[in-house]
Structure formats: C-alpha cells, structure tokens
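**Q** I have a structure I would like to understand better, so I am pasting it below and will then ask my questions one at a time.
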Amino acid sequence: MENAEAEVVSHYADHDGVSLFDRIYAALAAQGVAAADVTAEHLKGVDEFHIGGVDATLALLDQLAIAPATRVLDIGSGIGGPARLIASRYGAQVTGVDLTPDFVETARRLSAAVGSPTEFIVGSAFDLPFADATFDLATLLHVGMNLPDKPRLFAEAARVLRPGGTFAVYDVMLFGNHPDFPVPWSSGPESSFLSGPYTYLDAAAEAGFTLRARRDRGDVVRAFFVAMQERMAKAGPPAIGLPLIMGPTAPVKAANMIKAVTAGDIAPVEMIFDRR
C-alpha cells in the first residue's frame, strides 16, 4: 500500500521544480491578471480536475441536501476546487484531505487568495486523520482510480461519517480494456487501480452503505469531449487549464483518456450512498 501511495505522490509531484501554485499564478500573470486581483472565476480552468469540470461537480452536488451546517469531507481534494465550490455555493463547512503535499499547499494558498473558508490536510484515504462520525457528507471525485483497496476506502469513509451520513462518488470506472498509459491519473500500472462498478458497490455494502442513486455518465462526457474539442479547434487550448496540473505529457494523457471513453472502455459513474 505504501509503495502505491508513493507512486501516486510521484505522479502528481512538481514537474519542473516550480510549485503548482506558482505555475498557476505565472499563467494568470501572463494573461494580465495581477496576483491581488485573482478570483475564484479565474481559477475555474484548473479547479476541477475531473471529466466534465464544474458542470459534472454540480450535477453530483445538486442531488444532495447540503446546508451551512453540513460538515463536508472531500477525499482526494486536489487543489481544492470542489471544496471551495461547496463552501461558496452552499455555505457548508468543508475540509479536504489529499495525499499529495503540493496539492494541499496549493489548495491552502488558493483558498486564502480568494477568501474561501476551507481547510486542507495531508492524509491518506486509507487512514483518514479524523475522529469517528465527524462528517455529514463525504465526496470522492475522480480519486478511486489511484486507490488499490476499495473496501478500505469505503470502511474509512463509513467510519468518519455519522450514521445517516452520505458518501457521494464520481469516479472513472472500468467497463472494458484499460486505457493506454499515460493517463491523467497515472503514468503506469503502478498507480492505476481502475475498477468496475460492482467493485464499488460490493465495497460499499460491506462497509455498511446503502446505494441511493447511480448514474452512468458515459454519454454525457462523450458529448462534453466533442464540445471541448470543437472549442479548442476554434480558439486553441485555454491558457489557464489542466495541463498546468498534468505537466508536459498532458496532451498524450488526455488523448488516451478520451480514446478510452469514446470506445466505452471507461466512463465516469455517479454513486450516492447512505451510511446505515
């Protein structure tokens, strides 16, 4: 398990010795955005590191009853985009946990820059650094592909959720052949742990969750990729976008992922569970 986690951290680590926060701010400066003027709107291009971007995030979140008193844990929070969105849209109390220190540091600095009252902690999804029954809602957006032990993931999520709490998942799942490497979440098989939907469902049931809702989003994201490619053909790639996170091999990673989604080998799936 430790070797797998080390591979994940290495995959997402600095690509050129420059912190991710500094790369983002340098790209913004090149577009004429001064550091003091950065807002959440400027960060939209990098904030949502999953297929479908903010629209996919909202499609999941708007099925949930989130209120200012809701205690939310975003597992695998990356640079904090979904956590900041939840905090701003619903006024909820949001904590993010991520294995990659550079992501956590970037999330903290971006939240401070835009005035988001979110908290971020370095930690493992397999050993969450929180007491039992701390949260009302946990989210997992495109993280399970890096997690080899789905039963342990769900057991930890169940532990930190109160009875009756909710676990909302939006993950890339396997329906056919594994994509060619590299892909956005992995450079090689050492850190890619794609699983089919029933692996998630079985792990959830074992951990004491009941499935409330499921939506397979393959058709939606195929349309998303067509629209994205049409926009890029007209205007070119965005200056502030996910290549800042994925590094110099971003075009190959994206192409391999899109090819697999188009073939139906992988697809994002929403699953919403209630803790018994």
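The values are calculated or read from the model by the stated rules, or taken from the named source; none is laboratory data. Predicted, not measured: the structure shown is a model, and the values here were computed from it. Heads up, the Cβs are rebuilt from the backbone with ideal geometry, glycines too, and the neighbour counts pull from every protein chain shown.
**Q** Consider residue 112 carefully, then state whether it is free of Cβ contacts under 8 Å to residues at least 24 places away in the same chain and part of a helix (DSSP H, G or I). If you could, list the steps in order and put the result at the bottom.
**A** Working: free of Cβ contacts under 8 Å to residues at least 24 places away in the same chain: yes; part of a helix (DSSP H, G or I): yes.
Here the answer is yes, as residue 112 does meet what is asked.
**Q** Is it the case that some residue within the range 96-105 is among the acidic types (Asp, Glu), within 24 Å of residue 131 (Cα to Cα) and touching a helix residue (DSSP H, G or I) at 6+ places or on another chain (Cβ under 8 Å)?
**A** The initial filter retains those residues of the range 96-105 that are among the acidic types (Asp, Glu), namely 98, 102, 105.
Next, from what is left, pick out any that are within 24 Å of residue 131 (Cα to Cα): 98, 105.
Filter again for touching a helix residue (DSSP H, G or I) at 6+ places or on another chain (Cβ under 8 Å), leaving 98, 105.
The answer is yes, given that some residue of the range 96-105 is among the acidic types (Asp, Glu), within 24 Å of residue 131 (Cα to Cα) and touching a helix residue (DSSP H, G or I) at 6+ places or on another chain (Cβ under 8 Å).
**Q** Follow-up. Could you pull out the residue among 245, 240 that is modelled with pLDDT under 95, β-branched (Val, Ile, Thr), assigned to a loop (DSSP other than H, G, I, E, B) and touching a Leu at 6+ places or on another chain (Cβ under 8 Å)?
**A** Exactly one residue qualifies, and that residue is 240.
**Q** Among the residues of the range 33-90, which ones are crowded, with 17+ Cβ neighbours inside 10 Å, of a type in the set (Lys, Arg) and either more than 13 Å from the chain's Cα centre (by Cα) or over 21 Å from residue 142 (Cβ atoms) (or both)?
**A** 71 - this is the single residue of the range 33-90 that is crowded, with 17+ Cβ neighbours inside 10 Å, of a type in the set (Lys, Arg) and either more than 13 Å from the chain's Cα centre (by Cα) or over 21 Å from residue 142 (Cβ atoms) (or both).
**Q** Could you say which residue among 255, 213 is closer than 30 Å to residue 162 by Cα, out of contact with any Ser or Thr (no Cβ under 7 Å at 6 or more places or on another chain) and either not acidic (Asp, Glu) or not in a helix (DSSP H, G or I) (or both)?
**A** Details: 255 fails: closer than 30 Å to residue 162 by Cα.
One residue alone meets the criteria, 213.
**Q** Additional query: I'd like the residue in the range 183-192 that is closer than 15 Å to residue 49 by Cβ and not small (Gly, Ala, Ser) and, out of all such residues, is farthest from the chain's Cα centre (by Cα).
**A** From the range 183-192, those closer than 15 Å to residue 49 by Cβ are 183-186; that's our starting set.
If we keep only those that are not small (Gly, Ala, Ser) too, we end up with 183-185.
On the way: 183: 14, 184: 11, 185: 10 Å.
Among them, the one singled out is 183.
**Q** Output the residues belonging to the range 142-152 that are buried (at least 17 other Cβ atoms within 10 Å of the Cβ) and out of contact with any Gly (no Cβ under 7 Å at 6 or more places or on another chain). It would help to see each step written out before you state the result.
**A** Of all residues in the range 142-152, those buried (at least 17 other Cβ atoms within 10 Å of the Cβ) come to 142-148, 150, 152.
Across the range 142-152, the qualifying residues are 142, 144, 145, 146, 147, 148, 152.
**Q** Looking for whichever is part of a loop (DSSP other than H, G, I, E, B) and modelled with pLDDT of 95 or more here; the options are 153, 194. Which one fits? Before you say what the answer is, go through the steps one by one.
**A** Details: 153 fails: part of a loop (DSSP other than H, G, I, E, B).
Residue meeting the stated conditions: 194.
**Q** Restricting to the range 157-188, give me the number of residues that are touching a strand residue (DSSP E or B) at 6+ places or on another chain (Cβ under 7 Å) and either of a type in the set (Val, Ile, Thr) or not in a strand (DSSP E or B) (or both). Give the steps one after another, and end with the answer.
**A** Of the residues in the range 157-188, the ones touching a strand residue (DSSP E or B) at 6+ places or on another chain (Cβ under 7 Å) are 157-158, 160-175, 179.
Okay, now just the ones that are also either of a type in the set (Val, Ile, Thr) or not in a strand (DSSP E or B) (or both), so 157-158, 160, 166, 169, 172, 175, 179.
Final tally of qualifying residues: 8.
**Q** If residue 243 passes every condition in (1) touching a residue at least 40 places away in the same chain (Cβ under 8 Å); (2) closer than 30 Å to residue 32 by Cβ; (3) crowded, with 16+ Cβ neighbours inside 10 Å but one, which one does it miss?
**A** (1)
**Q** Could you please let me know if residue 96 is within 22 Å of residue 215 (Cβ to Cβ), crowded, with 22+ Cβ neighbours inside 10 Å and at pLDDT 90 or above? Break it down stepwise before answering.
**A** Working: within 22 Å of residue 215 (Cβ to Cβ): no; crowded, with 22+ Cβ neighbours inside 10 Å: yes; at pLDDT 90 or above: yes.
When the stated conditions are applied, residue 96 does not pass them.
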